[in-house]
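The values are calculated or read from the model by the stated rules, or taken from the named source; none is laboratory data. Remember, predicted model here, so these are calculated numbers, not experimental data. Cβ sites come from the backbone with ideal geometry, for glycine too, and all protein chains shown count toward neighbours. Areas reflect the complete protein model, heavy atoms only, side chains present, ligands, DNA and RNA absent. Shrake-Rupley method; radii C 1.70, N 1.55, O 1.52, S 1.80 Å.
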Amino acid sequence: MLTLEHIHTAFHRGTVDEMKLFEDFSFRVNKGDFISIVGSNGSGKTTLLNLICGTLQPDAGKILLRDKDITHLPEFKRAKYIGRVFQDPKAGTCSNLTVLENFALADNKGKPFALGRAVNKKRIDYYKELLSKCGMGLEDRLNTPIGNLSGGQRQAIALVLTGMTDVDLLILDEHTAALDPKSSETIMELTDQLVKEHDLTAVMVTHNLRFAVEYGNRLVMMHDGKAIIDKSGEEKKALQVTDLLETFNQISIECGN
């Protein structure tokens, strides 16, 4: 599905602040994977997502999606194949538009531009059906501006909108980090439901170790630009939060913290 081959990435190259993060880093995402990625700040989690999505270009190496080289494909063109839900609930929806108008935008993604009505009223019942699965009463708020909703409600809508598009890969960028505990639980349940219903391949970065252990079929821990833990299948199922905490503590001691 997705392969990163021999990636090299450095920040502030050529200055006294130069920091090499990825050196000859390779990583593979198999079709159907739901990968949880954990790690301390600066370990490479977000940089990995930015490389996949095209927000950041590698200094060297290749990125392949379905055997197609997308290394230098710009971010907006990768959006045809890759969906991303951000940490900030405001980033995935248009605040000044209503819920209905946001759905109409998602419905028209990738279609030719032409004069006509933006909202297809025949699709309203379908939008309501999708929103009813969130269990938040959003199906009755189609005419509410997105900006008037809570963070959890907006993140739920962002997930539903992503599920409407035919993407190869779903990127979840700490998408529960800005939410309260109850909303976080709801969003993770919706995420799991979305991935399973649409048979999506997903990569999720999270600081919530319990979510990382409970959800998905594969868990990766990053440190200093390397995958120091990569467990899948039965090995992943056997992992406990305490196992991850023990590794985090060992890393902290080695780093002098």
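Observations on the model:
- Being aliphatic (A, V, I, L, M), at pLDDT 85 or above and open to solvent by 40 Å² or more (accessible area, probe 1.4 Å) is a property that does not hold for Leu131.
- Residue in the range 79-93 that is more than 16 Å from the chain's Cα centre (by Cα) and either surrounded by fewer than 19 Cβ atoms within 10 Å (Cβ to Cβ) or at pLDDT 90 or above (or both) present: no
- Subset of the range 74-112 [assigned to a helix (DSSP H, G or I) and of a type in the set (Asp, Glu)]: Glu75, Glu101, Asp107
- Among the numbered conditions (1) in contact (Cβ under 8 Å) with a residue 24 or more places away in the chain; (2) closer than 24 Å to Leu130 by Cβ; (3) not small (Gly, Ala, Ser), the only one that Asp166 does not meet is (1).
- The strands (runs of 3 or more DSSP E) found entirely in the range 173-234 that carry 1 or more residues being free of Cβ contacts under 8 Å to residues at least 24 places away in the same chain, among the acidic types (Asp, Glu) and under 17 Å from Ser40 (Cβ atoms) are 226-232.
- Search result, residues across the range 94-128 that are at pLDDT below 80 and either within 21 Å of Ser184 (Cβ to Cβ) or of a type in the set (A, V, I, L, M, F, W, C) (or both): Phe113, Ala114, Leu115, Ala118, Val119
- Test result for Gly32, within 28 Å of Leu245 (Cβ to Cβ), within 17 Å of the chain's Cα centre (by Cα) and touching a residue at least 40 places away in the same chain (Cβ under 8 Å): no
- Output for the range 141-163, where each listed residue is touching a residue at least 12 places away in the same chain (Cβ under 8 Å) and surrounded by fewer than 19 Cβ atoms within 10 Å (Cβ to Cβ): Arg141, Leu142, Asn143, Thr144, Pro145, Gly147, Ser150, Gly151
- Among the criteria (1) of a type in the set (Lys, Arg); (2) touching a helix residue (DSSP H, G or I) at 6+ places or on another chain (Cβ under 7 Å); (3) in contact (Cβ under 8 Å) with a residue 40 or more places away in the chain, the one Arg78 does not fulfil is (3).
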